[in-house]
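Novice: Before I ask anything, here is the structure I am working with.
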Amino acid sequence: MNILQIIGITFVKILIIFTVMMLTVSYLVYFERKISAWAQNRLGPNRVGWFGLLQPFADVFKLLLKEDIVPTHAHKKLHALAPMIALFVAFSTYAVIPFGPDIKLFGIVIPLVVADINIGVLYILALTSIGVYAITLAGWSSGSKYSLLGGVRSSAQMISYEISMGFSVGGVILLASSLRPVAIVAAQHGWMWNAVLQPIGFITFLVSSFAETNRLPFDLPEAEPELVGGYHTEYSSMKFAGFFLAEYANMIIASALIVTLYLGGWQVPLVGRLGLPAGWVELIQVAGFLFKVACLLFFFIWVRWSLPRFRYDQLMSLGWKVMFPLSLINIIWVAILIMVFKL
Amino acid sequence: MKKRLKDLTFWEKIYIPEILKGLSLTLRTMFKPKYTFEYPEEKFIPTGSYRGRPVLVMEENGKERCVACGLCSRVCPPLAIEVQAAETTDEKERYPVKFEINMIRCIFCGFCEEVCPEEAIVMSKDYEMAFSNREDALYGKDKLLTPVSELKDRIDFLRKYR
């Protein structure tokens, strides 16, 4: 495989992932509205297109036609930069997450991951930390007290939950003895999913990823009743749409990451024993990955429409007094698994 | 220490069972029947107790019951009703030449109906009255007169409960 082929294949993979992400994000918004409606005995959007399926595009057109308002006291450059950072982080994190096994196409072995790098998990943690800058800068540059409070809350919340997130990931890395997402998925063959082996780590990571994506019950940075719109109070038009898309793209990233680290990635148990023809196993595995991600996305939305928001002090005490010790306990548990059960 | 009502039990304190309870409730709700009226296709049909647009009752002979006493106009809080009386050879001796309700002003309080001695003005079930200019909002006798058969529900309701 020469360099041109590698570049070409990577480009095609990036294109596919980007298109799929954009489509998923737009339909995620649609399903968010639908599921919220169902949970409240309503019907949800059903006017634009068949069952309202064109609703996301109508929303985007509406946002495009809106006037782009920048407050007089805003720091213009940072105000424009913040949504770009949010979108950049949201779409570039996906590069290291494998969505299928190696496939053989026209005699070339293609790994179904954009960049198979050996520090993948570190890359993800680093990029999601940059995501905090988007929100903090948005809050600070808007020149509004509500935005500033939202940004400050967000940075405090993200730092608190990143710690328990990092320690939960530590357990996964210990078991797989690698930082490569591909190797982590390979280590979870059969039913050896990390969610089964280290349930405490799974729960702490799940809760932390809710906090990292600013979803309810942890959406303190944009708490509507007290902060108007939080960090995006002063944003309108496509800049607002940038934050909006980034939030949903982050949800997809978080789901894909949970699936990769804890739910066996693209591994589907017992699929190898069915004796299917060559291409089918890989197809089922990719479909299995997408199915797991879809289930988690539903879970994200479902939780949002079931649970009330935390109070700020409750959020902090949950992060530092519960999640942090639990993730430490998880590391000890993993150490016991390795030392005693020789996993 | 005395147990207070707000003290949580152990299972409530670890929070996860309570979360699962809440989640199961919303999941069950998702499959329940929906209450939404899909409005332009499927309309809400009110009962007799509904206070919609005030209308004048028209008898079978095509004439209004109204005797133009002006009580409705007098009691109307936003001064939406204008009545001009005239004499007639009929048994009731007086009738309104002009009876106009300004639907921009009307607040659907139902005082006109309550004060009317002849049961001549009642609230209908009509709640769809959109207009694009102020002239259209002045409802004259042509729009107000409604056959008594269409107002049966409301008149029955008034006789029973008032």
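The values are calculated or read from the model by the stated rules, or taken from the named source; none is laboratory data. None of the values given here were measured: they were computed from a predicted structure. Positions of Cβ are generated from backbone atoms using ideal geometry, with glycine treated the same way; all protein chains shown enter the neighbour counts. What goes into the accessible areas is simple: the full protein's heavy atoms, side chains included, and nothing from ligands, DNA or RNA. Shrake-Rupley method; radii C 1.70, N 1.55, O 1.52, S 1.80 Å.
Novice: With angles folded into 0 to 90 degrees, how steeply does helix A:76-92 sit against the dominant principal axis of chain A? Use alpha carbons for both and round to 10.
Specialist: Taking Cα atoms only, the helix is inclined about 20 degrees.
Novice: Additional query: Hey, if you put +1 on the Cβ of every Lys and Arg and -1 on every Asp and Glu Cβ in the protein assembly as shown, which of B:TYR139, A:THR204, A:PRO217 ends up farthest toward the positive end of that dipole?
Specialist: A:THR204
Novice: The stretch B:1-73 to the stretch A:289-343: how many Å between their Cα centroids?
Specialist: 39
Novice: Taking 7 Å along the Cα-to-C-beta vector as the label spot, tell me the A:LEU274-A:ARG311 distance in nanometres, rounded to one decimal.
Specialist: Result: 5.1 nm between the two label points.
Novice: A further question on this structure: Assigning unit charges at the beta carbon (Lys, Arg +1; Asp, Glu -1) and nothing else, what dipole magnitude in debye, to the nearest 20, does chain A show about its Cα centre?
Specialist: Numbers: 22 positive and 16 negative charges, 61 e Å.
Roughly 300 debye for chain A.
Novice: While we're looking at this one, here's another question. On a full-extension model of 0.36 nm per residue, what is the gain between A:VAL20 and A:PHE61, subtracting their alpha-carbon distance, rounded to one decimal in nm? Display every interim value, and only then the final one.
Specialist: Details: separation 41, 0.36 × 41 = 14.76 nm, distance 1.96 nm.
So the chain would gain 12.8 nm between A:VAL20 and A:PHE61.
Novice: May I ask which residue of A:LEU54, A:GLN5, A:GLN157 lies farthest towards the positive end of the charge dipole of the protein assembly as shown, with charges of +1 (Lys, Arg) and -1 (Asp, Glu) on Cβ and the Cα centre as origin?
Specialist: A:GLN157
Novice: For A:LYS76 and A:GLU224, calculate 0.36 nm times their separation in residues minus their Cα-Cα distance, and state this gained length in nm to one decimal. Kindly include the intermediate steps, with their values, before the conclusion.
Specialist: Numbers: separation 148, 0.36 × 148 = 53.28 nm, distance 2.44 nm.
50.8 nm is the gain from fully extending A:LYS76 to A:GLU224.
Novice: Could you work out, residue by residue across B:32-42, how many beta carbons of other chains sit within 10 Å of that residue's beta carbon, and then give the average as an integer?
Specialist: Numbers: counts 3, 1, 7, 4, 7, 1, 3, 0, 0, 0, 0.
Rounded to a whole number, the mean comes out at 2.
Novice: Given charges of +1 on the Cβ of Lys and Arg and -1 on the Cβ of Asp and Glu, with all other atoms neutral, how large is the dipole of chain B about its Cα centre, in debye to the nearest 20?
Specialist: Here the size comes out at about 1520 debye.
Novice: Where Lys and Arg each count +1 and Asp and Glu each count -1, what net charge lies around B:SER149 among other residues with Cβ under 14 Å from its Cβ? Mind dumping the intermediate values first?
Specialist: Working: positive: B:ARG65, B:LYS125, B:LYS152, B:ARG154; negative: B:GLU59, B:GLU60, B:GLU150, B:ASP153, B:ASP156.
It works out to a net charge of -1.
Novice: Give the aspartates and glutamates whose C-alpha is closer than 14 Å to that of B:LYS34, dropping any in the same chain fewer than 8 places away, or say none.
Specialist: In chain and number order, the partners are B:GLU42.
Novice: Could you sort A:TRP191, A:TRP320 by accessible area so the largest value comes first, with the probe set to 1.4 Å? Each step should come with its number before you reach the end.
Specialist: Working: A:TRP191 160, A:TRP320 110 Å².
Solvent-accessible surface, decreasing: A:TRP191, A:TRP320.
Novice: Sticking with this structure for a sec: Give the ranking of A:PHE218, A:PHE91, A:PHE61 by solvent-accessible surface, highest area first, calculated with a 1.4 Å probe.
Specialist: Values: A:PHE218 10, A:PHE91 45, A:PHE61 130 Å².
Output order, biggest surface exposure first: A:PHE61, A:PHE91, A:PHE218.
Novice: Measure nothing fancy, just the Cα-based angle from helix A:199-212's long axis to the longest principal axis of chain A, in degrees from 0 to 90, nearest 10.
Specialist: Between the helix axis and the principal axis of chain A, the angle is about 30 degrees.
Novice: Students often get this wrong, so check it: of A:LYS76/A:LYS145; A:LYS34/A:LYS239; A:LYS145/A:LYS239; A:LYS62/A:LYS292; B:LYS43/B:LYS152; A:LYS34/B:LYS6, which have C-alpha atoms separated by over 27 Å? Don't skip to the answer; put the middle values down first.
Specialist: Values: A:LYS76/A:LYS145 17 Å; A:LYS34/A:LYS239 25 Å; A:LYS145/A:LYS239 19 Å; A:LYS62/A:LYS292 32 Å; B:LYS43/B:LYS152 20 Å; A:LYS34/B:LYS6 36 Å.
Table pairs above 27 Å Cα-Cα are A:LYS62/A:LYS292; A:LYS34/B:LYS6.
Novice: While we're on this one: Taking the Cα atoms only, what angle lies between the long axis of helix B:16-30 and the longest principal axis of chain B, rounded to 10 degrees?
Specialist: 40
Novice: Summarise the accessible area of the stretch A:195-343 (1.4 Å probe, protein heavy atoms) by the percent that is carbon and sulfur.
Specialist: Roughly 75 percent of what the probe reaches on the stretch A:195-343 is carbon or sulfur.
Novice: Largest first, how would B:CYS72, B:CYS109 line up by accessible area (1.4 Å probe)?
Specialist: Numbers: B:CYS72 15, B:CYS109 35 Å².
Final ranking, largest accessible area leading: B:CYS109, B:CYS72.
Novice: Now for a different question. Residues with amide H under 5 Å of A:ILE110's amide H, sequence separation 5 or more or different chain, H placed in the peptide plane at 1.01 Å from N; which?
Specialist: Excluding prolines and chain starts, which carry no amide H, the hits are A:ILE103, A:LYS104, A:LEU105.
Novice: I'd like the Kirkwood hydrodynamic radius of the protein assembly as shown, using the inverse of the mean 1/r over distinct C-alpha pairs, in Å. Could the numbers behind the result be given before it?
Specialist: Working: mean 1/r = 0.0358 Å⁻¹.
Roughly 27.9 Å, rounded to one decimal.
Novice: Now for a different question. Place a +1 charge on the Cβ of each Lys and Arg in the stretch A:56-143 and a -1 charge on the Cβ of each Asp and Glu, then give the dipole magnitude about the Cα centre in debye, rounded to the nearest 20.
Specialist: Numbers: 5 positive and 5 negative charges, 37 e Å.
Charge dipole of the stretch A:56-143: 180 debye, to the nearest 20.
Novice: Right, here's the next one. Please give the residues of the stretch A:256-293, grouped as numeric ranges, whose backbone N is less than 16 Å from a label point set 7 Å along the Cα-to-Cβ vector of A:LEU105.
Specialist: Once the point is set 7 Å along Cα→Cβ of A:LEU105, A:279-287 turn out to lie under 16 Å by backbone N, inside the stretch A:256-293.
Novice: Just want the answer: with Cβ charges of +1 for Lys and Arg and -1 for Asp and Glu, which residue in A:GLY288, A:VAL172, A:GLY100 is farthest toward the dipole's positive end in chain A?
Specialist: Value: A:GLY288.
Novice: Can you pull the one-decimal nm distance between simple spin-label points at B:TYR127 and A:TYR27, each 7 Å off the Cα toward Cβ?
Specialist: 3.7
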